[in-house]
Amino acid sequence: MGYTEAQKQATARYNKKAYDRIDIIVPKGKRKVIQDFARKQGLSANKFINQAIDKAMKEKEDA
């Protein structure tokens, strides 16, 4: 059984309530480089980017 339209809509509603979106723009080709790098680390691109942001913010707080 596949992912139903009702499930898609429920997921979209949950995501809208639970998460904020930030769209970033990168040069052509960099998206794939980021995705490939993240995958090699066992992460999604989203998780990798979030971890990088958290690390940078923590380093600034600790400085």
Counting only protein heavy atoms and using a 1.4 Å probe, what share of the accessible area of the chain belongs to carbon plus sulfur, as a whole percent? 55
Among Ile22, Val33, Ala56 the positive-end extreme of the charge dipole of the chain (Cβ point charges): Val33
Per residue of the chain, what 222 nm ellipticity follows from adding -39500 (n - 2.57) for every DSSP H run with n ≥ 4, rounded to the nearest 500? -22000 deg cm²/dmol
Can you list, largest first and rounded to whole Å, the semi-axes you get for the chain by taking the square root of 5 times each eigenvalue of its Cα gyration tensor? 28, 18, 12
Quick one: accessible area per residue over the chain, 1.4 Å probe, rounded to a whole number of Å²? 100
Restricted to pairs 8 or more residues apart or on different chains, the lysines in the chain with C-alpha atoms under 21 Å apart form a number of pairs equal to 15
Given charges of +1 on the Cβ of Lys and Arg and -1 on the Cβ of Asp and Glu, with all other atoms neutral, how large is the dipole of the chain about its Cα centre, in debye to the nearest 20? 280
Considering only DSSP states other than H, G, I, E and B, which chymotrypsin sites (Phe, Trp or Tyr not before Pro) in the chain qualify as loop sites with at most 10 other Cβ atoms within 10 Å? Tyr3, Tyr19
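The values are calculated or read from the model by the stated rules, or taken from the named source; none is laboratory data. No experiment lies behind these values; they were computed from the predicted model shown. Every residue, glycine as well, gets a Cβ built from its backbone with ideal geometry; the counts of neighbours run over all protein chains shown. Side chains included, ligands, DNA and RNA excluded: accessible areas come from the protein's heavy atoms. Shrake-Rupley method; radii C 1.70, N 1.55, O 1.52, S 1.80 Å.
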